[in-house]
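Read through the structure below, which is laid out as structure tokens, and then see the notes.
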């Protein structure tokens, strides 16, 4: 299982010969290199500069952050609406996820700018509302036999009217959870 270890051999006095297969063991110290360190006499930048360049500081890109928040809000709204329409009910965690995703993406791309936090909150509010309308349109399309696009685009006024009539405390709570989660997502990313 294990190999026997040979007993310690007495050390050879320094005689200029490499010991134990180490070619540097027997070399005398070079001038300017105390202790035999081959890199001790070099000046910084002598062999190509610093070994690693520091990462450039992240810059706030407000426009790209707002554009990212808007695009993320549209995608998240569609996903939230499809989920809500498929199971025919709203899910609070999904509204929180929409807000968190919008705020996180905006701050990750655009930096920690207060305007991005506000934009993420506003866009997430709109995304949760749009997602609720998409979900309601899916439910109405199933009930009426019309296509989703026919209900959503041709009867959008009717969909919003029904949304207002059907809105309850939980609907408004989900609308409020989106922006709160967006602020948390932006802080997490920043």
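Bear in mind these aren't lab numbers, they're just calculated from the coordinates by the rules spelled out. Quick caveat: nothing in here was measured; it's all calculated off a predicted structure. Cβ atoms come from the backbone with ideal geometry, glycine included; neighbour counts cover every protein chain shown.
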- Note on the structure: Footprinting proxy, 165, 88: sorted fewest to most Cβ within 10 Å, the residues are 165, 88
- In terms of the alpha carbon gyration tensor, root eigenvalues a ≥ b ≥ c, rounded if a/c is under 1.5 and otherwise prolate when a/b exceeds b/c or oblate, segment 77-189 is prolate
- Query: If you stretched the chain out fully between residue 149 and residue 161, how much longer would it get, using 0.36 nm times the residue separation minus the C-alpha to C-alpha distance?
  - Reply: 2.6 nm
- Item | Taking 87, 139, 162 and counting other C-beta atoms within 10 Å, the order from fewest to most | 87, 162, 139
